[in-house]
1. I need the full set of residues from segment 42-77 which are more than 25 Å from PRO212 (Cβ to Cβ) and either crowded, with 23+ Cβ neighbours inside 10 Å or aromatic (Phe, Trp, Tyr) (or both), in order please.
2. Do we have THR257 as within 18 Å of the chain's Cα centre (by Cα), farther than 26 Å from ILE135 by Cα and crowded, with 17+ Cβ neighbours inside 10 Å here?
3. Might you check whether a residue that is buried (at least 24 other Cβ atoms within 10 Å of the Cβ), hydroxyl-bearing (Ser, Thr, Tyr) and either in contact with a Lys or Arg (Cβ under 7 Å, 6 or more places away or on another chain) or closer than 13 Å to PHE322 by Cα (or both) occurs anywhere in segment 260-268?
4. Those residues that are assigned to a loop (DSSP other than H, G, I, E, B), among the hydroxyl-bearing types (Ser, Thr, Tyr) and more than 25 Å from GLU151 (Cα to Cα), I need them from segment 210-242; list them, please.
5. Taking LEU201 as meeting all but one of (1) in contact (Cβ under 8 Å) with a residue 24 or more places away in the chain; (2) crowded, with 17+ Cβ neighbours inside 10 Å, write down the number of the exception.
6. Look through VAL240, VAL234 and report the one residue that is over 21 Å from LYS329 (Cα atoms), modelled with pLDDT of 95 or more, among the β-branched types (Val, Ile, Thr) and in contact with a Gly (Cβ under 6 Å, 6 or more places away or on another chain).
7. Please state which one of GLU165, GLU185 is touching an Asp or Glu at 6+ places or on another chain (Cβ under 8 Å) and either modelled with pLDDT under 95 or among the acidic types (Asp, Glu) (or both).
8. Among helices (runs of 4 or more DSSP H) lying entirely in segment 1-94, which contain 3 or more residues that are modelled with pLDDT of 90 or more, in contact with a Gly (Cβ under 8 Å, 6 or more places away or on another chain) and more than 27 Å from THR280 (Cα to Cα)?
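The values are calculated or read from the model by the stated rules, or taken from the named source; none is laboratory data. Since the model is a prediction, treat every value here as computed from it, not as a measurement. Cβ sites come from the backbone with ideal geometry, for glycine too, and all protein chains shown count toward neighbours. With ligands, DNA and RNA removed, areas are computed over all heavy atoms of the protein, side chains included. Shrake-Rupley method; radii C 1.70, N 1.55, O 1.52, S 1.80 Å.
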Amino acid sequence: MNIQNTTQDRPELQQLIEQVVESGFTGLTLRVNDEQGEWAGTAGVSRLDEPGLPPIDGHVRIGSNTKTFTATAVLQLVAEGKIALDTAAVDYLPEFELDPRITVRMLLQHTSGIFNFTGEYAADGTVAAGIPSTISGKEWVDNRFKTYPPEDLVRLALSKPSKFEPGTDWSYANTNYVVLRLLIEKVSGRSYAEEMQRLILGPLGLTGTVTPTNQIEIAEPHAHAYYRYDDGGVEKTIDVTEHNPSWISSGGDMISTTQDLHTFISALTGGQLLPDALRTEMFTPETKVGYGLGVFVQPVGTDGDIVITHNGGAAGYGALMFSTPDGKKTMTAAFNYVDDATLSLSAAFQAALKLLVDAVFGGAR
């Protein structure tokens, strides 16, 4: 086992990194900022079958952590008076045939009922297919360099039956956040990437964070991501570090580092990015799963404490982002692993979450 840590000695965190990697991950880097200072460590390998640790603050595709960045930008535009949370989204985007009952708030909170363009799971485990995504096996591999315009992703989703009446239930759908991307562009008159730079990346100095469109590259240093699939009865594993992220768009296309994720989530929870009233709105969860506006509000410990969090994983990369509501304690992490259509590491990913949150925040519920 390859292990490396920086700053002060935290043997309990070092041991957790080992344990998580041994559960099936290729590599993991972890960063904790708390009352003891900062600790960052890495374990496992950067590449399969080669020695060499994952870089301590390497670039990683952060998956659905992108949604928290997108939601923050939307709320900043609310603060600027350009968007209203309870206005119908179709009022801003009349070119799309959105149900007029769907509000901006419902998009942010995944209560719109819109079909998920990467595939929609039914209660019995069956999947209604969307575009080729990482649950599609060889079909995703064969299409991984294709460009999907965000407008096409939204139109595909709107051509499918809604999952439920707007505002009556909760269901996680990447489509909600691609609609929000288009809304940001419409009301600002600038590209999504330009608005992210203006509102978040520039003010916070997040030089390791990128909002791509169809660029396949990921900057050095970085660990490598892998995908396992069936090719005519032959199991193959390939390096998918480079692929065109437009298939997931603003549902999960951003690249960042554990340091930048710490800077972002601590600034968000600490009140640097949003007025208090909007931060309160963001951190007020719906009742089914505890999702606020672009964040999960997760109970920890036994005293009614909470953490503000999101996580994401796609195409052999994963990232975690946790903070206390005051921004004084954070945990961010980056994984690299072998992904596949059956999401076979999902259970290990959830177990890793629990281990890490238990250690840093005193127990997850």
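1. Answer for segment 42-77, where residues must be more than 25 Å from PRO212 (Cβ to Cβ) and either crowded, with 23+ Cβ neighbours inside 10 Å or aromatic (Phe, Trp, Tyr) (or both): ALA43, GLY44.
2. Here the answer is no, as THR257 does not meet what is asked.
3. Checking segment 260-268: not a single residue is buried (at least 24 other Cβ atoms within 10 Å of the Cβ), hydroxyl-bearing (Ser, Thr, Tyr) and either in contact with a Lys or Arg (Cβ under 7 Å, 6 or more places away or on another chain) or closer than 13 Å to PHE322 by Cα (or both).
4. Matches in segment 210-242: THR241 only.
5. Result: LEU201 passes all but (1).
6. One residue alone meets the criteria, VAL240.
7. Every option except GLU185 fails the conditions.
8. 11-22
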